[in-house]
Structure formats: structure tokens, C-alpha cells
1. Restricting the search to the stretch 39-56, which residues are closer than 14 Å to residue 97 by Cα, assigned to a strand (DSSP E or B) and either of a type in the set (Gly, Ala, Ser) or open to solvent by less than 70 Å² (accessible area, probe 1.4 Å) (or both)?
2. Which residues, taken from the stretch 1-13, are closer than 14 Å to residue 91 by Cβ and either free of Cβ contacts under 8 Å to residues at least 24 places away in the same chain or surrounded by 20 or more Cβ atoms within 10 Å (Cβ to Cβ) (or both)?
3. With the requirement that a residue be of a type in the set (S, T, N, Q) and either over 11 Å from the mean Cα position of the chain (by Cα) or open to solvent by 50 Å² or more (accessible area, probe 1.4 Å) (or both), what does the stretch 78-115 give you?
4. Sort out which residues of the stretch 19-38 are touching a strand residue (DSSP E or B) at 6+ places or on another chain (Cβ under 6 Å), of a type outside the set (Val, Ile, Thr) and either open to solvent by less than 30 Å² (accessible area, probe 1.4 Å) or not in a loop (DSSP other than H, G, I, E, B) (or both), and write them in order of number.
5. In this structure, is residue 74 surrounded by fewer than 17 Cβ atoms within 10 Å (Cβ to Cβ) and touching a Pro at 6+ places or on another chain (Cβ under 8 Å)?
6. Among (1) free of Cβ contacts under 8 Å to residues at least 12 places away in the same chain; (2) under 15 Å from residue 112 (Cα atoms); (3) basic (Lys, Arg), which single condition is residue 38 missing?
7. Of the residues 65, 16, which single one is surrounded by 13 or more Cβ atoms within 10 Å (Cβ to Cβ) and either outside any strand (DSSP E or B) or of a type in the set (A, V, I, L, M, F, W, C) (or both)?
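The values are calculated or read from the model by the stated rules, or taken from the named source; none is laboratory data. Model, not experiment: these values are computed from the prediction. In this analysis, Cβ positions are derived from the backbone assuming ideal geometry, glycine residues included, and neighbour counts consider all displayed protein chains. In case anyone asks, the SASA skips ligands and DNA or RNA and just uses the protein heavy atoms, side chains included. Shrake-Rupley method; radii C 1.70, N 1.55, O 1.52, S 1.80 Å.
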Amino acid sequence: QVQLVESGGGLVQAGGSLRLSCATSGIIFSLYTMGWYRQALGKQRELVARIDSGRSTTYADSVKGRFTISRDNAKNTVYLQMNSLKPEDTAVYYCYTPIRGKDYWGQGTQVTVSS
């Protein structure tokens, strides 16, 4: 059974930092692309960052230079380091992985950035 469990969200002031973690189980973690998405209230879910099995990364333009995605294959965990946070980064952040045509999501973790 595939499980993705996010942690690390919270309330932070603008300009601050947070690190999100997504611990996985039930998959051969090192083989798969992992991603972080976010959904703000009243908006569609959007890709924030993605890292593939070869550690190539993709970022949304809105977070380039501020967020860094990384993975630790020994710990089956993907991270999202978020620096210079802005109020517009406020959203529920979800961990994601596509495996053999099926999408798997975590339960989400709330990130709130106050101005």
C-alpha cells in the first residue's frame, strides 16, 4: 500500500523559512518522480516543484530561487525547503508521485505566511 505523509507546515512570517518533508512507504522510492503541489483557498492545485529519479528538478516560476526540492533515497523521503516566504505562498502543500499511470497524494500540510 502506497503511503505519503507530509509534515513541516505551519505559520511563519513573510521572509521566513520552512522545510516540508514527505515520508513514503510501499514503493521503491528511488525509482519514481516525486513532486510538491499546492492549493490555495479558492484556487486550483498547482505544481510547485518536481524531482525525478535522476535528481533533475523542475520549479514553478513563482518559486524559482526561493524553494529547493531534494530527496533522500535512503530515508524514502522528499523535502521542500522554502525560503523568503511570501503571503502568496499560503496554501495546503501536497506530496505527489505518479506510479504506472496512477497518481498518489499525501493528505496535505498547511503553510500560512503572515504579512
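1. Across the stretch 39-56, the qualifying residues are 47, 48, 49, 51.
2. The one that is closer than 14 Å to residue 91 by Cβ and either free of Cβ contacts under 8 Å to residues at least 24 places away in the same chain or surrounded by 20 or more Cβ atoms within 10 Å (Cβ to Cβ) (or both): 6.
3. Here is the first cut: in the stretch 78-115, the ones of a type in the set (S, T, N, Q) are 81, 83-84, 90, 97, 107, 109-110, 112, 114-115.
The answer is 81, 83, 84, 90, 107, 110, 112, 114, 115.
4. 19, 20, 21, 22, 23, 25, 34, 35, 36, 37, 38
5. It is false that residue 74 is surrounded by fewer than 17 Cβ atoms within 10 Å (Cβ to Cβ) and touching a Pro at 6+ places or on another chain (Cβ under 8 Å).
6. Result: residue 38 fails condition (1) only.
7. On the way: 65 fails: surrounded by 13 or more Cβ atoms within 10 Å (Cβ to Cβ).
Exactly one of 65, 16 is surrounded by 13 or more Cβ atoms within 10 Å (Cβ to Cβ) and either outside any strand (DSSP E or B) or of a type in the set (A, V, I, L, M, F, W, C) (or both), namely 16.
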